[in-house]
1. Lys101 - would you say it is more than 20 Å from Glu20 (Cβ to Cβ), at pLDDT 95 or above and assigned to a helix (DSSP H, G or I)?
2. Ile118: surrounded by 12 or more Cβ atoms within 10 Å (Cβ to Cβ), β-branched (Val, Ile, Thr) and at pLDDT 80 or above, yes or no?
3. Report, by residue number, each residue of the range 1-19 that is charged (D, E, K, R) and surrounded by 21 or more Cβ atoms within 10 Å (Cβ to Cβ).
4. Quick one: how many residues across the range 126-145 are charged (D, E, K, R) and open to solvent by 20 Å² or more (accessible area, probe 1.4 Å)?
5. Which residues, taken from the range 20-46, are open to solvent by 20 Å² or more (accessible area, probe 1.4 Å) and under 24 Å from Leu122 (Cα atoms)?
6. Quick one: how many residues across the range 110-145 are part of a helix (DSSP H, G or I) and either without any contact (Cβ under 8 Å) to a residue 40 or more places away in the chain or touching a strand residue (DSSP E or B) at 6+ places or on another chain (Cβ under 7 Å) (or both)?
7. Residues being under 11 Å from the mean Cα position of the chain (by Cα) and closer than 12 Å to Asp13 by Cβ: count how many of those fall in the range 98-112.
8. Applying the selection to the range 102-115, what residues are under 30 Å from Pro28 (Cβ atoms) and surrounded by 15 or more Cβ atoms within 10 Å (Cβ to Cβ)?
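The values are calculated or read from the model by the stated rules, or taken from the named source; none is laboratory data. None of these values were measured; they are calculated from a predicted model. Don't worry about glycine lacking a Cβ; one is built from the backbone with ideal geometry, like all the others, and counts go over all protein chains shown. Areas reflect the complete protein model, heavy atoms only, side chains present, ligands, DNA and RNA absent. Shrake-Rupley method; radii C 1.70, N 1.55, O 1.52, S 1.80 Å.
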Amino acid sequence: MKAVEIAIKMETDAILFYKEAAEKTVHPVGKMMFLSVADDEKRHLAMLSDIFNGKDIVIENINPKDNIKTVFTRMKNEMMRRIEASDDELEAFNIAMQMEKDGIEFYRKAEREAGSDIEKALFKRLIEEEAHHYDIFSETYSFLL
């Protein structure tokens with residue numbers, strides 16, 4: 001359960017960081033990336049909290065990149081406007097990428113040490129989603145350069 005407690009803290013911190021980054025990001029694409037990933041992290045937090053509280057959970061096979069495709073479709077016109085990202089915005093994406101890499105490593109270790117099959121399955125799913133988040137931030141960073 002210790003890993004679940006740490007994961008709850010990590011997800012809570014990620015939500016706060018991504019919301020703050022979205023508030024400070026001028027480019028609409030960057031703003032939507034942060035908000036979309038924050039929503040994913042809220043879902044992760046809910047599942048982790050349920051496991052911590054001994055509740056049953058359903059681990060959905062959600063691909064965060066599918067949400068991003070919807071964002072890109074909705075924001076096609078805004079995306080075509082070239083707005084130069086500030087150094088602070090780019091740094092926020094660098095921090096986000098590092099957070100996701102750290103999360104992946106933590107969840108890999110937690111999966112190996114999980115005490116139950118449901119925890120193991122959840123950590124495996126979180127590894128996959130955090131890897132998608134990393135890709136999303138990396139691709140957005142490249143777009144904004």
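1. Taking the combined requirement at face value, the residue does not satisfy it.
2. Yes, satisfied.
3. Residue satisfying the conditions is Glu11 alone.
4. 3
5. Within the range 20-46, Leu35, Asp39, Lys42, Arg43, Leu45, Ala46 qualify.
6. Qualifying residue count, the range 110-145: 12.
7. 2
8. Gly103, Ile104
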